[in-house]
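Input: a single structure, listed below in structure tokens.
The values are calculated or read from the model by the stated rules, or taken from the named source; none is laboratory data. This one's a predicted model, so the numbers in the text were calculated from it and none came from an experiment. Reconstructed Cβ throughout: ideal geometry from the backbone, glycine too, with neighbour counts over all protein chains shown. We work out accessible area using only protein heavy atoms, side chains counted, and drop any ligands, DNA or RNA first. Shrake-Rupley method; radii C 1.70, N 1.55, O 1.52, S 1.80 Å.
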Amino acid sequence: MPDLSVVIVSYNTRDLLRNCLLALRESVGLNLEIIVVDNASSDGSADMTRAEFPEVNLLAQTLNAWYCGGNNIGIEAASADTVLLLNPDTEVAPPALALMYRFLLENPGYVGVTAQLYYPNGEIQRSCARIPDFRHLLLAYSALGYLLPTLKRALHKDVTYGDWDRRSDRDVAAIPGSCTMMRRGDIWLDDDLLLYFPEEALAQRHRQPMRFLAAARIKHHEKSSTRAWFATSIFFRDMLVYCRKHHGLAKMLLLWLLSRPVYWLMWLKNR
């Protein structure tokens, strides 16, 4: 029986996935079960995993199940009581997973734990956040933010723990989907979402403290497979799904209306 099941959803990230799996081989202190859900990649990710990492449980999909659906496929296959959702564009430091696992094991009052993520240049990523309220969604992703820039900045600073440098441990409301460790029964994602807002949805469901551990360090290349305009359009779609579920239909319709100018401006810029 493994201590920890690591679920990695991959979509056309072959070289990054290879580095992620190589780093996991160097992980110490835990018996790991590694599950890769390949979302019908066209870059040979599945073949690379089969050839170079025979110890990995590869679940190759014939259709793209997206981030949330793919992770749920991996969670379903997991045999450990504790599960880590990990992006393929990450490289874990050898002791990181054991530190996170031990914290969750020894602190039953916490529903989840995450690590300090940093970019390849060494800069610490500003991960973790409070649960955004409807005002934040309106100001961050609609034309209203351009009319109220001071309030927009203040809300953003509050939601993102703007005064915290991520060099110390801290209780947080929501942890990043790129590195989420939780007990298996708690970690299921919302299948109605495709790529975005799964961490906010998890935080909304549990409303229990989660922990950021600065000593657990993970390199994160970030957005390696979600830079295209198509991903931006999925972002706006998921934002509206999330808003409807957690703030109601009327507020979702208002957000849709006010976010359209931003959506179309981004589309024109992309062209």
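Using protein chains only and a probe of 1.4 angstrom, how many square angstrom of residue 265 are accessible, to the nearest 10?
Only protein atoms counted, so the area is about 110 Å².
What is the helix-to-structure angle for 249-270, meaning the angle in degrees between its Cα long axis and the longest Cα principal axis of the chain, kept from 0 to 90 and rounded to the nearest 10?
80 degrees
Going from most exposed to least, what order do 165, 3, 81, 190 have by accessible area with a 1.4 Å probe?
My answer, sorted largest first, is 81, 165, 3, 190.
Tell me, what % of the accessible area of region 45-113 is carbon and sulfur with a 1.4 angstrom probe?
Values: 1510 of 2770 Å².
Solvent-exposed carbon and sulfur of region 45-113 make up 55 percent of the total.
Would you check the accessible area of residue 188, probe 1.4 Å, heavy atoms only, in square angstrom rounded to 10?
80 Å²
Beyond a 25 Å Cα-Cα separation, which of these cross-linked pairs lie in this structure: 219/245; 157/251; 152/269; 245/269?
Working: 219/245 33 Å; 157/251 23 Å; 152/269 22 Å; 245/269 30 Å.
Violating the 25 Å limit, Cα to Cα: 219/245; 245/269.
Heads up, I need the accessible area for residue 172: 1.4 angstrom probe, whole protein in place, Å², nearest 10.
Counting only protein heavy atoms, residue 172 exposes about 10 Å² to solvent.
Would you please state which residues of region 166-193 a label at residue 119 would reach in this model, taking the label point 7 Å out along Cα→Cβ and a backbone N cut-off of under 16 Å?
Counting backbone N atoms under 16 Å from the label point, the list is 166.
Relative to the longest principal axis of the C-alpha atoms of the chain, give the angle of the C-alpha long axis of helix 14-25, reported between 0 and 90° and rounded to the nearest 10°.
Helix 14-25 and the main axis of the chain meet at about 50 degrees.
Keeping all protein chains in place, calculate the accessible area per residue for region 103-165 (probe 1.4 angstrom), answer in Å².
Values: 3280 Å² over 63 residues.
Heavy-atom accessible area per residue stands at 52 Å².
How far is helix 66-77 tilted off the main Cα axis of the chain, in degrees rounded to 10, range 0 to 90?
30 degrees
Work from the charge dipole of the chain (Cβ charges, +1 for Lys and Arg, -1 for Asp and Glu, about the Cα centre) and give the residue of 149, 248, 99 farthest towards its positive end.
Ranked along the dipole, the leading option is 149.
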